[in-house]
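The values are calculated or read from the model by the stated rules, or taken from the named source; none is laboratory data. Fair warning: this is a prediction, and the values are worked out from it, not measured in the lab. Quick reminder, even Gly has a Cβ in these numbers, built from the backbone with ideal geometry, and neighbours come from all protein chains shown. Keep in mind that these areas ignore ligands, DNA and RNA; they rest on the heavy atoms of the full protein, side chains included. Shrake-Rupley method; radii C 1.70, N 1.55, O 1.52, S 1.80 Å.
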Amino acid sequence: MSSAELVAGILWLALTAYAVLAGADFGGGVWDLFASGPRANQQRGAVAEAMGPVWEANHVWLIFMITGLFTAFPVTFGVLGLALYLPFTMAMVGIVLRGASFAFRAHGSDAVGPLSPWGVVFGVASIVTPFFLGAAAAAVASGSIHAPGGQLASGFLAGWTTPLAVVTGLFALSMCAYLAATYLMVENEDRPALLADFRRRAIAAALTSGVLAMLSLAISFSEGPRLLQSLTGRGLPLFALALLNGPLALWAVWRSRPRIARVAVAGQVVLVLWAWAVGQWPYLVPPDLTISATAAPPGTLSAMLIVITIGGLILIPSLWLLFRVFKARNPQPAVER
Amino acid sequence: MDNTTLARATMGTSLGFHIVFAVLGVGLPLLMSTAEGLALWRHDEAWMALARRWSRAFGILFAVGAVSGTVLSFELGLLWPRFMAFSGAIFGLPFSAEGFAFFIEAIFLGLYLYGWDRLSPVKHWLTSIPIALSGAASSVFVVMANAWMNTPAGFRLGPDGQLAQVDPVAAALNPSTATEDPHMLVSAYVVTGFLVAAVYAAGLLRGRNDIFHRRGLASGMAMAAIAIVLAGITGDSSARFIYGAQPAKFAALEGIYQTQRGAPLHIGGIPVDAQHRVLFAIEIPKALSFLAAFDPNAEVRGLDSFPAADRPNPVLVHLSFDGMVGLGLLLGLLAAAFWLIAIRRRSLPMRRALLLGLVAAGPASVAAMESGWFVTEFGRQPWIVYGIMRTSEAATTAPALGLTFAIFIAIYAGLAITTGRLLLMLAARNRGAAAGQGNLPEAGRIS
């Protein structure tokens, strides 16, 4: 494996972590917006409690992805910045408003409640970002961004304004909501009423995700043949696993097995992302930009691998600590103060 | 407006907005950590209460800083795709390192903000240390990238004009790093110190003379006083470095048109290109040559010696430079006066005039820092990478830049207003809680 391929793999891992962790935070925003029934406030409270300590750390995976991409694959980054200017700008607006409004609510809740304008912004922005990131992903996966020689040739609307992109954007959003609902099932195991609320939401999100996934496959028959080729070519084993894992996840949610459901739904996201990545190998942005042809010179890549190794040695124990303190099955009892 | 102008306006607004939150992300954790450490060491509840108050405000400020910083990392690619396609491989390394620093800061901030009741007091205090360290490290790494744009190093171009070889460590440790990095880092503490002091000076002026206000004021002024001295020293070495490394920027910031020996220092005044001189300035003969090279007859290269297309705008750069230096000197005098009186009287100065000055010093320190960035950025123009790539060659060709600029202005305005409102609300709640506790230490008197 070349160092460019290694770095590309690490960046894809970062994208996976962002999807599985921050994706659920966006999904939390969805359930905040659609909180309903007699326990609407408890639902919102559960979302805020789950997100509070971790959302900023989860968000950094995206920063890591972006800086890593422009360091290791600067030409690809330049092309994506041009071709996806509009959807990325929309996603960015969502990121800013989502993060700021969450912090306003979390730390200034006397003045900024869930029903205040900022409270509503939190939910709406949580929808905007996954949708546009999903649409941008469809533009890449469908091979719509043409950049022969690293020069963008396909314009500013290519690939992300198609029916496939809209369905993929909705699929991404729905998967975020699905992730969030199953994680919230786990975190509310000891509150049966909330557990039931999030179970119903998880089932709804699961069915929606399944329909949207089928729909996007159907559309890619005619519209995005490259995506289908990726998934049924090299990506087939992972894609087949995803097709088997989907029903398993739904079963676990249905039978109210939150811990199995959490693993299965997160696994579904991992399988879909890696089926896509393996399927379009060795392209970063098909059909013109490959990993090897757009990689930075070797000096950059090896320095980057060193930084990632050192950084990772600090990062991984820190992340372990964060999740252990706030997400362990039996959280450390509150200290007497 | 053309795309280059719109891209610069958008990027500049984003940077100008983000930097205020970013410097608080560097400075406030140090104050929080110190206060909490003192509280544990001396079993002092008031220091602990102060740390908790700061941590609540910091929860909001850090989040706004984090999301506005994300905007910047996106905008590098969205607004300057050709710049990034060329530079990413060279100066990306410090950004990657900054990513890790940001990770550590976000992780331990989560532990800090939400861990008050889950961690033992000592462990909780320990989580503040990585926040303070990684905040400082973030500043150091990011400014390395900006320093590279001023003095690009660590790469070789092949005969086809493509990158042939890259030494990213040499790029990160480019010649500007040694002067620009320390100057920005200490400036972060200057701004944090004066902003914190301004908040408590305003409270003291309204008669809220309690232990929190006195300690808050003293903490802010301690940080500000140490940092402003260091800012002067590092700023001076920065200017002297620019004299050698970026002569066009140096000529613009000092308003020198003709190349000359024994160049005068212009204080204030307006550079007028048509007349090739600075009008209405106080001129100190030979002072510039002396300051730049410790030789009153040293040669200073003038703007006229550069092709018109390679000159920065001297009006912006000179006025920003004098604004930064002037405000910096005033802030230094204010800090010196504050501590001289405090040491002589063995109590904090409560003179109305001095407190009013400290309230003004908060925004003034922000203005000084922003002016400093104006100097760096306007002074580098027309280059995005000095001597290598022009800003106009780097900008995106995407449509609707005007619209996205307008959207971001609206978002930043909304965030600024809400952040301000919530901080005032938190302060009011703190006062309510303090009044509820009663038995506050005896109030002093404001003269």
Restricting to the range A:151-163, what's the tally of residues that are open to solvent by less than 20 Å² (accessible area, probe 1.4 Å) and farther than 23 Å from A:Val272 by Cα? 0
I'm told A:Ile310 meets every condition in (1) more than 30 Å from A:Ala141 (Cα to Cα); (2) facing chain B (nearest Cβ under 10 Å); (3) surrounded by 14 or more Cβ atoms within 10 Å (Cβ to Cβ) except one. Can you identify the failing condition by its number? (3)
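So for the range A:55-70 (the condition being β-branched (Val, Ile, Thr), in contact (Cβ under 8 Å) with a residue 24 or more places away in the chain and at the interface with chain B (Cβ under 7 Å from one of its Cβ atoms)), does at least one residue qualify? Walk me through how you get there before you give the answer.
If we filter the range A:55-70 for residues that are β-branched (Val, Ile, Thr), which is where we start, we get A:60, A:63, A:66-67.
Subset that is in contact (Cβ under 8 Å) with a residue 24 or more places away in the chain: none.
No - not one qualifying residue is present in the range A:55-70.
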Let me spell it out: the conditions are (1) crowded, with 23+ Cβ neighbours inside 10 Å; (2) modelled with pLDDT under 95; (3) more than 7 Å from chain B (Cβ to nearest Cβ), and A:Val120 meets all of them except one. Which number is the exception? (1)
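Any idea which of B:Phe58, B:Phe86 is of a type in the set (Phe, Trp, Tyr) and open to solvent by 20 Å² or more (accessible area, probe 1.4 Å)?
On the way: B:Phe58 fails: open to solvent by 20 Å² or more (accessible area, probe 1.4 Å).
Step by step, each of B:Phe58, B:Phe86 is checked, and only B:Phe86 is of a type in the set (Phe, Trp, Tyr) and open to solvent by 20 Å² or more (accessible area, probe 1.4 Å).
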Please determine, by comparing only the residues of the range B:151-165 that are modelled with pLDDT under 85 and open to solvent by 100 Å² or more (accessible area, probe 1.4 Å), which one is nearest to the other protein chains (Cβ to nearest Cβ). B:Gln162
Of the residues B:Leu358, B:Leu340, B:Leu334, B:Leu330, which is farther than 30 Å from B:Ser392 by Cα, within 24 Å of the chain's Cα centre (by Cα) and open to solvent by 80 Å² or more (accessible area, probe 1.4 Å)? B:Leu330
The lone exception for A:Gly134 - which of (1) free of Cβ contacts under 8 Å to residues at least 60 places away in the same chain; (2) of a type in the set (Gly, Ala, Ser); (3) touching a Ser or Thr at 6+ places or on another chain (Cβ under 6 Å); (4) surrounded by fewer than 24 Cβ atoms within 10 Å (Cβ to Cβ) it fails: (4)
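Looking at B:Ser128, B:Ser68, B:Ser138 in this structure, which one is open to solvent by 10 Å² or more (accessible area, probe 1.4 Å), closer than 16 Å to B:Gly25 by Cβ and among the hydroxyl-bearing types (Ser, Thr, Tyr)? Break it down into steps so the answer makes sense when it comes.
On the way: B:Ser128 fails: open to solvent by 10 Å² or more (accessible area, probe 1.4 Å); B:Ser68 fails: open to solvent by 10 Å² or more (accessible area, probe 1.4 Å).
The unique qualifying residue is B:Ser138.
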Looking at the range B:395-411, can you tell me whether even one residue there is assigned to a helix (DSSP H, G or I), more than 14 Å from chain A (Cβ to nearest Cβ) and either modelled with pLDDT of 90 or more or surrounded by fewer than 20 Cβ atoms within 10 Å (Cβ to Cβ) (or both)? no
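Considering only the range B:34-150, give the helices (runs of 4 or more DSSP H) lying wholly within it that have at least 1 residues that are within 7 Å of another protein chain (Cβ to nearest Cβ) and in contact with a Ser or Thr (Cβ under 7 Å, 6 or more places away or on another chain). Step through it out loud before you land on a result.
Details: elements: B:45-79, B:81-114, B:121-150.
Fully inside the range B:34-150 and qualifying: B:45-79, B:81-114.
From the list B:Thr397, B:Thr376, B:Thr391, pick out the single residue that is touching a strand residue (DSSP E or B) at 6+ places or on another chain (Cβ under 9 Å), within 30 Å of B:Phe155 (Cβ to Cβ) and of a type in the set (Ser, Thr, Tyr). Full working, then the answer.
On the way: B:Thr397 fails: touching a strand residue (DSSP E or B) at 6+ places or on another chain (Cβ under 9 Å); B:Thr376 fails: touching a strand residue (DSSP E or B) at 6+ places or on another chain (Cβ under 9 Å).
Among B:Thr397, B:Thr376, B:Thr391, only B:Thr391 is touching a strand residue (DSSP E or B) at 6+ places or on another chain (Cβ under 9 Å), within 30 Å of B:Phe155 (Cβ to Cβ) and of a type in the set (Ser, Thr, Tyr).
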I need the full set of residues from the range B:146-194 which are closer than 18 Å to B:Gly387 by Cα and among the polar types (S, T, N, Q), in order please. B:Asn146, B:Asn150, B:Thr151, B:Gln162, B:Asn174, B:Ser176, B:Thr177
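To keep it simple, each residue is scored yes or no on (1) open to solvent by 20 Å² or more (accessible area, probe 1.4 Å); (2) among the acidic types (Asp, Glu); (3) in contact (Cβ under 8 Å) with a residue 60 or more places away in the chain; (4) not in a strand (DSSP E or B).
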residue	(1), (2), (3), (4)
B:Leu253	no, no, yes, yes
B:Tyr257	no, no, no, yes
B:Ala263	no, no, no, yes
B:His266	no, no, no, no
B:Asn297	yes, no, no, yes
Among the listed residues B:Leu79, B:Leu109, B:Leu93, B:Leu133, which satisfies the condition of being surrounded by fewer than 22 Cβ atoms within 10 Å (Cβ to Cβ) and modelled with pLDDT of 90 or more? B:Leu133
Over the range A:276-302, the set of residues within 7 Å of another protein chain (Cβ to nearest Cβ) and either at pLDDT 95 or above or crowded, with 22+ Cβ neighbours inside 10 Å (or both) is A:Ala296, A:Thr300
Would you check if B:Phe378 is surrounded by fewer than 21 Cβ atoms within 10 Å (Cβ to Cβ), of a type outside the set (Lys, Arg) and assigned to a helix (DSSP H, G or I)? no
Within the range B:222-239, is there a residue that is open to solvent by 50 Å² or more (accessible area, probe 1.4 Å), touching a Phe, Trp or Tyr at 6+ places or on another chain (Cβ under 7 Å) and not aliphatic (A, V, I, L, M)? no
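Conditions (1) open to solvent by 20 Å² or more (accessible area, probe 1.4 Å); (2) under 22 Å from A:Ala139 (Cβ atoms); (3) over 16 Å from the mean Cα position of the chain (by Cα), marked per residue:
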site	(1), (2), (3)
A:Gly169	no, yes, no
A:Ala181	no, no, no
A:Met185	no, no, yes
A:Asp190	yes, no, yes
A:Leu194	no, no, yes
A:Ala213	yes, yes, no
A:Ile219	yes, yes, yes
